Amino acid sequence: MQRTHYLIVGASHAALSALHAIRNCDAEGDVTVLTRDASLPYSPTVLPYVVSGRSEPARVYLRDADYFAGLKVDYRSGAAVSKVDAGKRTVALSDGSEIGFAKLLIATGAAPAVPPIAGLDQVRAHVLRTLEDAIGLRRALPKSKRVLVLGGGLIGMHAAENLVAGGADVTVVEMQPHVLAGYFDADASGIIEHAFAAKGVRLLTGERVTAFAARGEGCRATLAGGGNVEADLLLVATGVAPAMRFLEGSGIRTDRGVIVDDWMRSSAENVWAAGDVAQARGFFDGGKIINGILPDAVGQGRIAGMAMAGDAGGKPYAGGVPLNTYGFFGQHAVSVGVQEGALEPSGVQVRKEMDAKGGKYLKIVLKDDRLAGIFGINAAFDPGIMWELVLRRLDLGPVKQEFLASPQQTARALMSKNWR
């Protein structure tokens with residue numbers, strides 16, 4: 001049985017960040033990286049562009065083979081993990097082989113969450129989470145004039161835009177009253193919906209599919225509100241869930257994800273988790289949440305890698321703060337932090353400006369004169385700086401009126417004094 005000191009399961013942002021942190025502290029310890037994908041590492045965020053043809057599959061990799069060779073890393077693609085035994089410190093692979101480890105990082109990300117809709121298992125449905133998914137969807141597009149996207153979240157809307165760019169007639173069905181409900185309020189989403197409708201996308205919000213039936217290579221979706229949607233191609237984009245089925249019986253505590261502390265340590269000794277698979281402390285209420293965003297994956301991976309290597313310079317996790325940037329049809333939307341409804345009402349102040357015709361929107365949420373959330377469409381502010389303002393709990397009281405009037409300029413001035 002092969003043995004390695006550091007074993008990393010997964011190969012995207014959290015895994016690569018951890019690897020970099022490990023090598024910064026330990027240049028010689030054995031490192032093995034396993035990924036179920038039969039390719040070099042890539043980011044899931046690029047997949048819609050592969051579908052539309054704007055990005056070629058061979059050009060989306062985050063690292064090349066020379067990178068891993070230079071770091072003396074055993075990178076193994078197509079290596080799916082089937083079981084983990086935390087007590088014995090072994091990992092079993094789907095090919096029957098085993099690897100022993102001294103320290104393990106679980107960074108397997110998330111997998112599509114397919115809803116239990118009657119007949120869905122009888123029709124051909126695409127998902128979009130892996131490079132293989134994107135390539136398959138791209139190949140199917142030329143034969144598909146009508147596309148049904150199930151789900152109006154970030155994945156569904158991003159895919160819908162790129163499907164339209166590929167020449168498809170697209171219908172989006174979303175159960176919530178408006179699209180992107182996890183990130184924007186109804187007013188902001190209305191601006192985004194208008195932009196999609198102007199490009200010919202049919203949006204059915206507050207609607208759900210109750211049944212599917214096969215129609216040749218395509219399908220017919222029956223709607224709860226009455227009527228049907230016929231499609232040549234179905235994309236299911238109803239969300240994701242942590243990829244952790246292989247942890248059953250592992251001795252590692254899980255809930256909706258792998259439960260970790262502020263150093264990304266799991267309940268099992270010498271086992272860490274980071275990224276979309278990790279359920280860590282939320283920033284606002286301290287509860288355990290899954291904050292599936294790229295900056296958190298990088299940050300959590302760095303914390304885990306430093307802890308695994310014993311780097312004394314590591315700092316604990318500050319807590320999960322949502323941050324999403326979303327481009328659509330040449331426009332830009334940003335969501336940082338939480339809406340006012342997620343906060344205890346006392347001390348909450350909301351400032352909202354909206355120009356629906358001009359496609360502009362800005363909403364600022366303060367809690368006790370500290371930034372809790374900022375949301376914009378075609379608004380000028382730096383999401384990274386706003387994210388830092390939230391995490392640092394900077395008191396905006398002395399400059400509150402200036403911040404509400406000019407958030408970007410005021411935030412930059414504040415962070416120039418506090419960034420270190």
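The values are calculated or read from the model by the stated rules, or taken from the named source; none is laboratory data. Being a predicted model, the structure only gives us computed values, none of them experimental. Cβ: placed from backbone, ideal geometry, glycine included. Neighbour counts: every protein chain shown. Ligands, DNA and RNA are excluded from the accessible area calculation, which covers all protein heavy atoms including side chains. Shrake-Rupley method; radii C 1.70, N 1.55, O 1.52, S 1.80 Å.
When the residues of segment 169-200 are narrowed to those that are in contact with a helix residue (DSSP H, G or I) (Cβ under 8 Å, 6 or more places away or on another chain) and surrounded by 23 or more Cβ atoms within 10 Å (Cβ to Cβ), which ends up nearest to residue 231 (Cα to Cα)?
In this case the residue turns out to be 170.
Quick check on this structure: which one of 317, 326 is under 16 Å from the mean Cα position of the chain (by Cα), among the aromatic types (Phe, Trp, Tyr) and either assigned to a loop (DSSP other than H, G, I, E, B) or modelled with pLDDT under 95 (or both)?
None of the other options fit; the residue is 326.
Scan segment 299-318 residue by residue and report those that are within 13 Å of residue 107 (Cβ to Cβ) and open to solvent by less than 50 Å² (accessible area, probe 1.4 Å).
299, 300, 301, 303, 304, 305, 308
Given the criteria modelled with pLDDT of 95 or more and basic (Lys, Arg), does residue 36 qualify?
Judged against the criteria, residue 36 is a match.
Six or more apart or on different chains, Cβ atoms under 8 Å: show the pairs whose first residue is in segment 37-49 and without any contact (Cβ under 8 Å) to a residue 12 or more places away in the chain and under 16 Å from residue 137 (Cβ atoms) and whose second is open to solvent by 40 Å² or more (accessible area, probe 1.4 Å) and of a type in the set (Asp, Glu).
Here the result reads none, with nothing in segment 37-49 linked to a residue that is open to solvent by 40 Å² or more (accessible area, probe 1.4 Å) and of a type in the set (Asp, Glu).
Which of the residues belonging to segment 125-157 are among the β-branched types (Val, Ile, Thr) and either open to solvent by less than 20 Å² (accessible area, probe 1.4 Å) or closer than 20 Å to residue 181 by Cα (or both)?
Residues satisfying the conditions are 147, 149, 155.
Inside segment 398-410, can you point out the residues that are of a type outside the set (Lys, Arg), in contact with a Leu (Cβ under 8 Å, 6 or more places away or on another chain) and open to solvent by 30 Å² or more (accessible area, probe 1.4 Å)?
If the condition is that a residue be of a type outside the set (Lys, Arg), in contact with a Leu (Cβ under 8 Å, 6 or more places away or on another chain) and open to solvent by 30 Å² or more (accessible area, probe 1.4 Å), then 399 is the only one that fits.
Restricted to segment 50-73, and to residues that are open to solvent by 60 Å² or more (accessible area, probe 1.4 Å) and in contact (Cβ under 8 Å) with a residue 12 or more places away in the chain, which residue is nearest to the chain's Cα centre (by Cα)?
61
Can you spot a residue in segment 224-235 that is open to solvent by less than 20 Å² (accessible area, probe 1.4 Å), of a type in the set (Gly, Ala, Ser) and either closer than 30 Å to residue 286 by Cα or in a loop (DSSP other than H, G, I, E, B) (or both)?
Checking segment 224-235: not a single residue is open to solvent by less than 20 Å² (accessible area, probe 1.4 Å), of a type in the set (Gly, Ala, Ser) and either closer than 30 Å to residue 286 by Cα or in a loop (DSSP other than H, G, I, E, B) (or both).
Can you tell me which residue within segment 267-286, out of those that are part of a loop (DSSP other than H, G, I, E, B) and open to solvent by less than 20 Å² (accessible area, probe 1.4 Å), is farthest from residue 11 (Cα to Cα)?
283
Residue-by-condition table, conditions (1) modelled with pLDDT of 95 or more; (2) open to solvent by 10 Å² or more (accessible area, probe 1.4 Å); (3) more than 20 Å from residue 184 (Cα to Cα):
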position	(1), (2), (3)
362	yes, yes, no
368	yes, yes, yes
373	yes, no, no
392	no, yes, yes
396	yes, no, yes
413	no, yes, yes
